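K.L.:
Okay, here's the structure, questions in a sec.
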């Protein structure tokens, strides 16, 4: 069809299954390699460092000082494990997003539940707007390389900061009930860290790579979602939508778009986890006041900007869906009322009443067509959790 000529131009969603598989498996394979390597060199686990015990102490707190874990093995390094998990999630969500975008036109125009005609994609004003959308997504390779290099540099600096100071490692003693561990204890944690450069440079390189890959794909996902949201903001004015009754499709034909918004919600939750790791690594209540001020300002800026962006993207997507659906619903009601009046004029009163009842029934339809709200509600934590943690730090800092 004509519309397929437009939607086939997908520079941002190339069909490269081999590359996608390698990207999806890259971070897990790196994590497996780190686990195997630490098993070989003896830094995978240590006495008293059961990860479940560390989690329990982190959540419930320690009643009495009990410093039984005196090193930082791989299995007890919760921030690094969280970093690996969020990195893999960022890669998978990005690839899942482009895969669903690749099939979006077919999904929205499928027989029996099409919400618009595919031919509209090859007609103005949608054709011009979509061409502009594609141009924005054609990011030159040199720019992508610059961004990736910047992310690697940032990740390296983050590693150096974490590995050369005692901030991260002092927390391990704090979790076990020792509020002010001695410098020798803190140095012991730092020097025994499984990813310490002096002990095993390859583990340090993988630690940096895993975090940098996740950050890079989070940036790519944010860039892509930003332009998708801008496109959906204009869509209600560019395409004529048709109303799909709930008896045909419970989401009125909008389920494929709903899958995109679910990825946005999951990205918000991934952002929460990443930010918690940053707070865990960088915050230090016993550090000099200037350091605490700078760190709190930086973390606050990241939390505010990230939360604002997440909410803006989700709100824009939902607004575009709502306006498009409401317009199709209104047009359908107008047509039904017009048909009812025409039937009455020709004496077909029973048919006219049936048509008018259908129009009246549409009035009770929800303003947002896609059902389900569990993930949507959970995504609100993208602002709540960081705000609570940062507020606690600010109170301790100034009072």
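K.L.:
Which of these, 134, 97, 357, has the largest mean-square fluctuation under a Gaussian network model of the chain (Cα springs below 10 Å)?
P.N.:
Ranking 134, 97, 357 by mean-square fluctuation puts 357 first.
K.L.:
Shifting gears a bit: Do you know the relative contact order of the chain, to the nearest whole percent, from alpha carbon pairs under 8 angstrom that are 6+ apart?
P.N.:
21
K.L.:
Quickly work out the residue 36-to-residue 301 label distance, labels modelled 7 Å from Cα along the C-beta direction, and quote it in nm with one decimal.
P.N.:
4.2
K.L.:
Related question: For residue 242 and residue 205 in the same chain, what is the full-extension length gain: residue separation times 0.36 nm, less their Cα-Cα distance, in nm?
P.N.:
Using 0.36 nm per residue and subtracting the Cα-Cα distance, I get 8.0 nm.
K.L.:
So if R0 is 25 Å, what FRET efficiency would residue 29 and residue 311 give, r being the distance between their Cβ atoms, rounded to the nearest 0.05?
P.N.:
Between residue 29 and residue 311 the formula returns 0.15.
K.L.:
Any chance you could give the angle, 0 to 90 degrees and rounded to 10, that helix 289-345 forms with the longest Cα principal axis of the chain?
P.N.:
Helix 289-345 sits roughly 10 degrees off the main axis of the chain.
K.L.:
Can you match percent of Cα pairs over 32 Å apart to one of these, (i) 36; (ii) 32; (iii) 48, based on a calculation from the structure here?
P.N.:
Computing percent of Cα pairs over 32 Å apart and matching it to (i) 36; (ii) 32; (iii) 48 gives (iii).
K.L.:
Between 105, 77, 234, find the one with the highest GNM mean-square fluctuation for the chain; connect C-alpha pairs within less than 10 Å.
P.N.:
Among 105, 77, 234, the largest mean-square fluctuation in the Gaussian network model of the chain belongs to 234.
K.L.:
Provide the FRET efficiency to the nearest 0.05 for the residue 62-residue 191 pair, computing r from the beta carbons and using R0 = 30 Å.
P.N.:
About 0.80, to the nearest 0.05.
K.L.:
Can you compute the modelled spin-label distance between residue 160 and residue 337, with each label point 7 Å from Cα toward Cβ, in nm?
P.N.:
Taking the simple label geometry, residue 160 and residue 337 are separated by 6.9 nm.
K.L.:
I've got another one for you. How large is the helix-only mean residue ellipticity at 222 nm for the chain, computed as the sum of -39500 (n - 2.57) over DSSP H runs with n ≥ 4, divided by its residue count, in deg cm²/dmol to the nearest 500?
P.N.:
Dividing the helical sum by the residues of the chain leaves -24500 deg cm²/dmol.
K.L.:
Of 145, 95, 350, which has the largest mean-square fluctuation in a 10 Å C-alpha GNM of the chain?
P.N.:
Looking only at 145, 95, 350, the biggest GNM fluctuation is shown by 350.
K.L.:
Turning to a different aspect of this structure: Quick one: helix 17-41 against the long Cα principal axis of the chain, what's the angle to the nearest 10°, folded into 0 to 90?
P.N.:
Its long axis makes an angle of about 20 degrees.
K.L.:
Any idea what angle helix 381-398 forms with the longest principal axis of the chain, computed on alpha-carbon atoms, 0 to 90 degrees, nearest 10?
P.N.:
40
The numbers here are math on the coordinates, done by the rules we state, and not lab data. In this text, all values refer to a predicted model and were calculated from it rather than measured experimentally. As a convention, Cβ positions derive from the backbone with ideal geometry for all residues, glycine included, and neighbour counts pool all protein chains shown.
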